[in-house]
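*Asks:* Pasting a structure below so you can have a look.
The values are calculated or read from the model by the stated rules, or taken from the named source; none is laboratory data. From a predicted model like this one, the values you see are computed outputs, not experimental measurements. Note that we place each Cβ from the backbone using ideal geometry, even for glycine, and neighbour counts take in every protein chain shown.
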Amino acid sequence: MTHYLLDTHTAMWFFNGNDKLSQTAKSAILNLSNLTVLKGLPLIHRDPFDRLLVATAIAEQMTIITADENIAKYPVSHIW
């Protein structure tokens, strides 16, 4: 399976319904077998970019360096 990571502008265009987002990109984002980590995250943190960071860190088994207490509530490796 291919894993996708959205660039900031891509996420913004997707969430705002911007027509600059290509149909290929939109289809990949909307494919239910992609971005499954993000879908399963509880709404502890409402910042979409921080949620993408958490989902990416979980999927790629990375550690986030952050002082954000909300991110620390997720099941993700973090240090501060």
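*Asks:* What is the number of the single condition among (1) in contact with a helix residue (DSSP H, G or I) (Cβ under 7 Å, 6 or more places away or on another chain); (2) buried (at least 16 other Cβ atoms within 10 Å of the Cβ); (3) at pLDDT 75 or above; (4) hydrophobic (A, V, I, L, M, F, W, C) that Leu38 does not meet?
*Replies:* Only one criterion is unmet by Leu38, namely (3).
*Asks:* Against the condition hydroxyl-bearing (Ser, Thr, Tyr), surrounded by 12 or more Cβ atoms within 10 Å (Cβ to Cβ) and either closer than 16 Å to Tyr4 by Cβ or touching a helix residue (DSSP H, G or I) at 6+ places or on another chain (Cβ under 8 Å) (or both), how does Thr24 come out, does it pass?
*Replies:* no
*Asks:* Additional query: The conditions are (1) surrounded by 12 or more Cβ atoms within 10 Å (Cβ to Cβ); (2) free of Cβ contacts under 8 Å to residues at least 40 places away in the same chain; (3) touching a helix residue (DSSP H, G or I) at 6+ places or on another chain (Cβ under 8 Å); (4) of a type outside the set (Phe, Trp, Tyr), and Ala59 fails exactly one of them. Which is it?
*Replies:* Tallying (1) surrounded by 12 or more Cβ atoms within 10 Å (Cβ to Cβ); (2) free of Cβ contacts under 8 Å to residues at least 40 places away in the same chain; (3) touching a helix residue (DSSP H, G or I) at 6+ places or on another chain (Cβ under 8 Å); (4) of a type outside the set (Phe, Trp, Tyr), Ala59 fails exactly one: (2).
*Asks:* Just the residues that are of a type in the set (S, T, N, Q) and part of a helix (DSSP H, G or I), please, taken from region 20-39.
*Replies:* Once the filter is applied, which keeps residues that are of a type in the set (S, T, N, Q) and part of a helix (DSSP H, G or I), region 20-39 yields Gln23, Thr24, Ser27, Thr36.
*Asks:* Quick check on Ile44: is it modelled with pLDDT under 90, surrounded by fewer than 17 Cβ atoms within 10 Å (Cβ to Cβ), at negative phi and in contact with a strand residue (DSSP E or B) (Cβ under 7 Å, 6 or more places away or on another chain)?
*Replies:* Here the answer is no, as Ile44 does not meet what is asked.
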